[in-house]
Amino acid sequence: MAQGLEVGNRVRLKLTTLDGETEIEGVVLPSALPDHITIKLANGYNVSHPLESIEVLSSTKSEPTATSPSVSDAPQNQDLPTVRIIHTGGTIASKVDYTTGAVTAQFEPSELVEHVPELLKIANLQVHKIGNMFSEDIRPNHWNQIIEATEQAFEEACDGVVVTHGTDTLHITASAIAFAWSGQGGNPPGRIAFVGSQRSSDRASSDAAQNLISAVKWAAEGPQPTGELSDAVVVSMHETSDDGACSIHAATGVRKLHSSRRDAFRPVNTTPLATVRIENKLVELQLEGHYQEARMNIVPRTITTKADRYDETIVIRQMVAGPWLTTREVEDAVGSNVDALVIHGTGLGHLPIENPNDDAPQNIELHQALEQLSLPILIVNQCIHGPVNMNVYSKGRIQQNIGLLGHGITSSPEAAVVKLHFALSHQLDVPTIMGQNLLGEQQQTILN
Ligand code: DAS
């Protein structure tokens, strides 16, 4: 490392660039390139510069933070709300192995709290470890384990629960827990917030700390869920790519829409329920106006202590409408004894099942194959945003006439598939259920 600089030093550097000289400040990170220095800037981004282009104006060793006590012996403030962190893994619980550069899930849940001691000013914290999984490996049996852990937390008088989870399927699991608690009229005794991070917790540009602080803030101090506004389970992630604010999203109205940005989670057909602002160590929870108004205009559900589970044997085959969709996919699915099909339709939810130029017979074959099927076929939306609306074009009406489901869906596509799995798990009438608004998953959009 250059000129006595060490990882962790807070530095002010003079840069000589093609555009002249400039100054930057930040924290020294492990170098991303040979003969370069890598700095974490105040806005959370990392920059690397050739060592010969810098002059060190100041460099101070950052005081070694006193390793805060683990959760078990941390000085908990019993006067604060009690929040249990249910830990499943993901990047939020990972570290970069700087020898390989790979991110591996390896945290103990108590380490999360040690990394973010501010949490202990918000809540009296407990931890429950389910695993250290990346979320692409999570299955419905893990949903049931999380549901069990949330029930147990509330039985043991927790005010709220935070579930740490990988980001790839975070919105799917969050939707699953929402339908488990509120899909058949229930309402959990406290708040449930899912949280992940796009950057591993040990990287200076990590979003983990602020996402976690926001999730714990909601779990500790948020309003009692109504059960009607998809507020029984929420997702807490960065509002923008900069630090300072996290959005509290309804579980069934949010989706991961970017593979790497810190604001990857965006609302689908709705807007966040609340925002947590974190500035100068102040943490402030602000409910959004539309949510406050909606809360005043409905009767909150009776609180329940038990949630539903998912049938882990249910098999749902998904396919994508477009130039490559043929009858073969449908026949393979039916041949392998699936419980339902989900087809991600184009536009408002359309499939290639007409042959106007008399030169695409496979479209007619697909139409006939779908018409003959007796199992549920749900249409969701490749566009992600906007409704599935099969009343606008004749194609949609043909689809409804052959019994395809999904007209009017305005939740995230993944929430709709979870809802289908939920209905099948409880032998509910799928066409009826898919047309209903069970817990507020039908977000306000142009359909209304
Ligand atoms: N693989 C990703 C996952 O666990 C890492 C992450 O973003 O959390 O979802």
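For the reader, a short list of remarks on this structure follows.
- Matching residues in segment 372-394 - criterion: being more than 28 Å from the chain's Cα centre (by Cα) and either surrounded by fewer than 14 Cβ atoms within 10 Å (Cβ to Cβ) or β-branched (Val, Ile, Thr) (or both): Gln372, Ser374, Asn391, Val392, Ser394
- Output for segment 180-201, where each listed residue is part of a loop (DSSP other than H, G, I, E, B), in contact with a strand residue (DSSP E or B) (Cβ under 9 Å, 6 or more places away or on another chain) and more than 14 Å from the ligand (Cβ to nearest atom): Pro188, Gly190
- Within segment 216-239, one or more residues are open to solvent by 10 Å² or more (accessible area, probe 1.4 Å), closer than 26 Å to Pro387 by Cβ, without any contact (Cβ under 8 Å) to a residue 60 or more places away in the chain and in a loop (DSSP other than H, G, I, E, B).
- Top-ranked residue in segment 395-435 [being assigned to a loop (DSSP other than H, G, I, E, B) and over 18 Å from Asn381 (Cβ atoms); ranked as nearest to the chain's Cα centre (by Cα)]: His426
- For segment 127-157, residues that are among the aliphatic types (A, V, I, L, M), over 18 Å from Asp311 (Cβ atoms) and away from the ligand (no atom under 16 Å from the Cβ) total 4.
- Test: residue in segment 272-290 that is out of contact with any His (no Cβ under 6 Å at 6 or more places or on another chain), of a type in the set (Ser, Thr, Tyr), outside any strand (DSSP E or B) and touching a residue at least 12 places away in the same chain (Cβ under 8 Å): no
- Residue check for Ile343: closer than 24 Å to Ile433 by Cβ, open to solvent by less than 60 Å² (accessible area, probe 1.4 Å) and either assigned to a strand (DSSP E or B) or out of contact with any helix residue (DSSP H, G or I) (no Cβ under 9 Å at 6 or more places or on another chain) (or both): yes
- Residues that are outside any loop (DSSP other than H, G, I, E, B) and crowded, with 21+ Cβ neighbours inside 10 Å, drawn from segment 149-171: Thr150, Ala153, Phe154, Gly160, Val161, Val162, Val163, Thr164, Leu170, His171
- Per-region count, segment 20-37, residues surrounded by 14 or more Cβ atoms within 10 Å (Cβ to Cβ) and at pLDDT below 85: 5
- For segment 78-137, the set of residues classified as under 13 Å from His165 (Cβ atoms) and at pLDDT below 85 consists of Ala93, Ser94, Ala105, Phe107, Pro109, Leu112, listed by residue number.
- Pairs meeting the criteria (first residue in segment 160-189 and farther than 17 Å from Gln224 by Cα and hydrophobic (A, V, I, L, M, F, W, C), second residue assigned to a loop (DSSP other than H, G, I, E, B) and within 16 Å of the ligand (Cβ to nearest atom), beta carbons under 6 Å, at least 6 apart or on different chains) are Leu170/Gly196.
The values are calculated or read from the model by the stated rules, or taken from the named source; none is laboratory data. As the structure is a computational prediction, the values presented were derived from the model and not from experiment. FYI the Cβ positions are ideal-geometry reconstructions off the backbone, even for glycines, and counts take in every protein chain you see. Please note that ligands, DNA and RNA were not included when accessible areas were found on the heavy atoms of the full protein model with its side chains. Shrake-Rupley method; radii C 1.70, N 1.55, O 1.52, S 1.80 Å.
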